[in-house]
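Student: Attaching a single structure in structure tokens format; questions to follow.
The values are calculated or read from the model by the stated rules, or taken from the named source; none is laboratory data. Just so we're clear, the structure is a prediction, and the values are computed from it rather than from any experiment. Note that we place each Cβ from the backbone using ideal geometry, even for glycine, and neighbour counts take in every protein chain shown. For the accessible areas, the whole protein counts, side chains as well, though only heavy atoms, and no ligand, DNA or RNA atoms are used. Shrake-Rupley method; radii C 1.70, N 1.55, O 1.52, S 1.80 Å.
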Amino acid sequence: MTSFLDSAQSHHSSGTYTRSDVAKVLGDEDNRLNFNKYNNQNGYALTCGDVPCTLSYEERSKISLPSFQKQNGGSWLSISDWNCPQSSRLSSTNFSGLEVQNCEVEVSPFKADQVTVNGGGRLVLNEGVYWFGSFSMNNNAELVTNGPVTIFVKERFGITGDAEVNPEASSRSLLMVSYNENGYSAINNNVVFNGFVYSAAGVVHLTGDAEVRGRVNVYSLTMNNNTVIAGDDAVEKNDVSGSIHHYELHFNSCNALLTAKACGDASCSVLYDKKATIHVQNQDRPPRNIANFNNFVGLAQQSIAKTAQSLNYRFTLGYQANGNGGNLSPKPASSLVCYVDGQRTCTVNGKSSSGSGGGFSFAADTAYAGGEALVSMGFNACSATAGQAELTLNFSTASQRSHPLAIRWSGGAAALQPGQPKSLTLPTNGVTLSYPEAELIILTVKETETGNTRQEQVAFVPKAWRVNDPKQCLDARGRFIYGEHAQSCEPLAKVGDPAPFRVSALDIKGDEIPLSNWLLGKIQDNSLVEFSVKNGDITYSYSQGLKAGEQDAQPDIVGVASVRVKAWTASYIPQGDTLLETFADENTIGRTVPALLRITEAEAGDIDGNLIYAGQSEPIRFDTAPAFLVEALDTKDRPLPSYGGEFAGGLQAHSGISLDDKLPDATWQLDFSEPEPGVHRIRLVAEALKFEKGTPFAETALNLPLTLTIAGHDGASGLESTTELGQAEDRLRYGFLMLADAEVKVGESGRMATRLNFFDADHHIVEDKGTGYSLSGGRTGYSPAFLPALTLELDPTTISVAPYDKEQRGIKVVIEELPSWLQPYRDGELAAPEARLDIVKELRRRANDSTFNRREVIR
């Protein structure tokens, strides 16, 4: 990691290292600290460990922090001794905050606004990335990692009060990244933090004998009291403790043999592979030295017969002077563990006899399929030498299925076949059994030396249920939205047909294991599996027992289908063993859809006023808008009132109308409504209907076909139906304004007339005297230009010409910016109406004009 080249460093040129008392940074061989400034408190010289060191700042690689991922939704989860789960693993990670106290909890990657581990709490984080708004630990709390873990903390972290972080793993298995938005994070008061720390801003404080066994990269760092940062290199060199998890002492009172073990992990399945020293002393009176194990590697034995005899075999094993003065090296991370004659205790209360070996016991607790069942053995002290026992083992299964039973111990393993006895020499501690399926094992154990035989039942149970083939059907607020989920939430079944689904059992690794007939016979809960379909406030639900392979239900509504398998505690777990719970599961698996759609009614339109002009800007109005009624049916042709809302979104997405090709191009919209549950009205929106005005056409009756087409979707076949856009008397016209040529006498006012024309059914031009129109909004113009300018004004339907005192002929007058429905078609496009205006000294008379001469030419 280029961001962590030294035990302690800053990634910013303004970073400051502040130290007081006897705080130490260990593990940097070049005796330098990568900070730009040293804040010397109380006159302490700058040292690395016990030797002088220097500041030498070099820019370190910053971690490019991703955008913080916040938790959305969920509720606060508080776990204590009263609600501590029987199995420590949490099946759900949907919570806004987590608090653990007096309980062990195992969890997979999650996001939370706040995470707190209080007194007696133990939080086990499985491999992955975690996002915490804030994080705190106190009062002997413990955080453990299973595999590499990264924790992103948005605000601050505070770890105090003898808490232990990642005590059993490599420091490189944990990276805690703090955005440190409030500028202060702390590791205090006898905390042991085994990992790497990166802080983007502010200050990280260490105080009160806190110890970081790893590396830190911060903005600024403050260390007070006897705090230590020991880079992982220093840990490996035993500059500080941390490589030994705990020590064990085993005393056999039959032969007075005392065995010492330096354990590398919690189960002592791994022994420490470097030199260790333990001096053992009686913790009662008289406080006599019992044994010194000096510089042993892993395991050592001594006979303490004389000392034990002098104490009458009544003493308590413990460290000499609590391990001070070099009597305990290296110091362990956890407390001493003792076994006396196979029982976990540090107190010797007499010498065992060497009788017939009575008291032999062999027991294995419940485990998950594929997991490890821990074996506990008890023997007469003289029948087990140096923590070992010679046993003959055989087994059978309740289901008569045949798989090997795996037996494992530190440094060894064996596979036991059903019905085939095998003799093994096993350690009395650290033995486990494993079986790949959910099963009841009947194990026969014979002690070779004494012939004592006992039978033990061991239960292996499913770790969890799994609803197979989940589908993404809901948004973060639990809503189905057709536009978002139509593809990801595939149709599961048509209403009326069986809706299939499948449930699996999983082993401890999450792999599927068989649902054998024997296991199914042990599940007596006929409501273990809950199938439901939800559609708003409408719900279909059906409960049934678990089956192998495909199961089904027959819902009678349209909606999102989900399956929930309840948590279960196996009935075959032997009495007194741990009641491990098989975790529940729940998933949406698709949606139920109609078998078919049916158009029940097609209603023809009836236009208000019976007349539409192509290109008109005013909204078209219908006395009755054309519409269709559509309903959904199940496979038995029964209507489905549940086909509504977003679950009918496919109807809107796949419906369209088309007009008769005799009509010009048009634009329109459809309106979808649900006048009653399951019945959908698809209506042409009158206000949005507009016929385009392009090439002239003859007047057209509007009792022409309007066709609704619903494309096939969600498993339903396509269909179409036709009605009429309007009635026989309803007409669509191509209209245009005609401006008449005019003569006006010099010095007098005049007018230029207009009229509304259209093309009739025979494509003749006919005047429309009944439809009103207005020239308002238009603008007049003329050419050529001359002075003084001519004044033209628009009246509602004419152009008013102001008196002009000069004769002008051949004036082209136009009306521009008229609505398109009034514009004539000229030279392949819509144009402005135009006409000729002559201002003359004398008007010409016409035969039909008794008042004055006026020439009208219609263009």
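Student: Name the pairs: first residue in the stretch 79-107 and under 16 Å from residue 119 (Cβ atoms), second residue of a type in the set (Phe, Trp, Tyr) and not in a strand (DSSP E or B), Cβ to Cβ under 8 Å, at least 6 apart or on different chains?
Tutor: 98/110
Student: Here's something else I'd like to know. How many residues does the stretch 751-784 contain that are closer than 19 Å to residue 802 by Cβ and among the β-branched types (Val, Ile, Thr)?
Tutor: 2
Student: Considering each residue of the stretch 545-584, count those that are in a strand (DSSP E or B) and open to solvent by 40 Å² or more (accessible area, probe 1.4 Å), and give that number.
Tutor: Qualifying residue count for the region: 5.
Student: Hey, does the stretch 753-771 have a residue that's more than 22 Å from residue 837 (Cα to Cα), in contact with a Leu (Cβ under 9 Å, 6 or more places away or on another chain), in a strand (DSSP E or B) and open to solvent by less than 60 Å² (accessible area, probe 1.4 Å)?
Tutor: No, there is no match, as no residue in the stretch 753-771 is more than 22 Å from residue 837 (Cα to Cα), in contact with a Leu (Cβ under 9 Å, 6 or more places away or on another chain), in a strand (DSSP E or B) and open to solvent by less than 60 Å² (accessible area, probe 1.4 Å).
Student: Report, by residue number, each residue of the stretch 632-646 that is open to solvent by 30 Å² or more (accessible area, probe 1.4 Å), not small (Gly, Ala, Ser) and not in a strand (DSSP E or B). Don't jump to the end; show me each part of the working.
Tutor: If we filter the stretch 632-646 for residues that are open to solvent by 30 Å² or more (accessible area, probe 1.4 Å), which is where we start, we get 635-639, 641, 645-646.
Within this subset, residues satisfying the condition of being not small (Gly, Ala, Ser) are 635-639, 641, 646.
Answer for the stretch 632-646, where residues must be open to solvent by 30 Å² or more (accessible area, probe 1.4 Å), not small (Gly, Ala, Ser) and not in a strand (DSSP E or B): 635, 636, 637, 638, 641, 646.
Student: Scanning the stretch 429-453 for residues that are open to solvent by 20 Å² or more (accessible area, probe 1.4 Å) and in a loop (DSSP other than H, G, I, E, B), which turns out nearest to residue 340 (Cα to Cα)?
Tutor: If we take residues in the stretch 429-453 being open to solvent by 20 Å² or more (accessible area, probe 1.4 Å) and in a loop (DSSP other than H, G, I, E, B), then 429 is nearest to residue 340 (Cα to Cα).
To keep it simple, each residue is scored yes or no on (1) modelled with pLDDT of 95 or more; (2) on the phi < 0 side of the Ramachandran plot; (3) small (Gly, Ala, Ser).
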site	(1), (2), (3)
733	yes, yes, no
737	yes, yes, no
742	yes, yes, yes
746	yes, yes, no
756	yes, yes, no
759	yes, yes, no
772	no, yes, yes
798	yes, yes, no
813	yes, yes, no
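Student: If you don't mind, another one. Where residues in the stretch 162-190 are assigned to a loop (DSSP other than H, G, I, E, B) and in contact (Cβ under 8 Å) with a residue 40 or more places away in the chain, which of them is nearest to residue 147 (Cα to Cα)? Explain how you work it out, then say what you get.
Tutor: The initial filter retains those residues of the stretch 162-190 that are assigned to a loop (DSSP other than H, G, I, E, B), namely 162-163, 166-170, 179-183, 189-190.
Within this subset, residues satisfying the condition of being in contact (Cβ under 8 Å) with a residue 40 or more places away in the chain are 163, 167-168, 170, 179.
On the way: 163: 20, 167: 13, 168: 11, 170: 9, 179: 23 Å.
The residue in question is 170.
Student: Further question on the same structure: How about the stretch 219-270: which of its residues are farther than 23 Å from residue 281 by Cα, open to solvent by 40 Å² or more (accessible area, probe 1.4 Å) and either of a type outside the set (Asp, Glu) or at pLDDT 85 or above (or both)?
Tutor: Once the filter is applied, which keeps residues that are farther than 23 Å from residue 281 by Cα, open to solvent by 40 Å² or more (accessible area, probe 1.4 Å) and either of a type outside the set (Asp, Glu) or at pLDDT 85 or above (or both), the stretch 219-270 yields 219, 225, 226, 237, 238, 243, 266, 267, 269, 270.
Student: Can you pull out every residue in the stretch 794-812 that is of a type outside the set (Lys, Arg) and not in a loop (DSSP other than H, G, I, E, B)?
Tutor: Here is the first cut: in the stretch 794-812, the residues of a type outside the set (Lys, Arg) are 794-805, 807-808, 810-811.
Once the filter is applied, which keeps residues that are of a type outside the set (Lys, Arg) and not in a loop (DSSP other than H, G, I, E, B), the stretch 794-812 yields 794, 798, 799, 800, 801, 808, 810, 811.
Student: May I pose another question? Filter the stretch 118-152 for residues that are out of contact with any Gly (no Cβ under 7 Å at 6 or more places or on another chain) and not in a strand (DSSP E or B); which is most open to solvent (accessible area, probe 1.4 Å)?
Tutor: 120
Student: Identify all residues within the stretch 185-201 that are farther than 18 Å from residue 333 by Cβ, open to solvent by 20 Å² or more (accessible area, probe 1.4 Å) and more than 30 Å from the chain's Cα centre (by Cα); write none if there are none.
Tutor: 188
Student: To continue, here is another question. Looking at the stretch 621-655, which of the residues that are under 17 Å from residue 605 (Cα atoms) and among the small types (Gly, Ala, Ser) is nearest to the chain's Cα centre (by Cα)?
Tutor: 627
Student: Since residue 628 meets every condition but one in (1) under 21 Å from residue 660 (Cα atoms); (2) open to solvent by 10 Å² or more (accessible area, probe 1.4 Å); (3) modelled with pLDDT of 95 or more, which condition does it not meet?
Tutor: Of (1) under 21 Å from residue 660 (Cα atoms); (2) open to solvent by 10 Å² or more (accessible area, probe 1.4 Å); (3) modelled with pLDDT of 95 or more, only one is false for residue 628: (2).
Student: Assuming residue 706 fulfils every condition listed in (1) modelled with pLDDT under 95; (2) open to solvent by 30 Å² or more (accessible area, probe 1.4 Å); (3) within 24 Å of residue 660 (Cα to Cα) apart from one, which condition is it?
Tutor: (2)
Student: While we're here: Mind counting the residues in the stretch 709-718 that are open to solvent by less than 40 Å² (accessible area, probe 1.4 Å) and either at pLDDT 90 or above or touching a His at 6+ places or on another chain (Cβ under 7 Å) (or both)? Let's see the steps before the verdict.
Tutor: First, the residues of the stretch 709-718 that are open to solvent by less than 40 Å² (accessible area, probe 1.4 Å): 710, 713-714, 716.
With the extra rule that they be either at pLDDT 90 or above or touching a His at 6+ places or on another chain (Cβ under 7 Å) (or both), the set shrinks to 710, 713-714.
Residues meeting the conditions: 3.
Student: Separate question: Scanning for something in contact (Cβ under 8 Å) with a residue 12 or more places away in the chain, assigned to a loop (DSSP other than H, G, I, E, B) and aromatic (Phe, Trp, Tyr), does the stretch 404-420 turn up at least one residue?
Tutor: For the stretch 404-420, residues in contact (Cβ under 8 Å) with a residue 12 or more places away in the chain, assigned to a loop (DSSP other than H, G, I, E, B) and aromatic (Phe, Trp, Tyr): absent.
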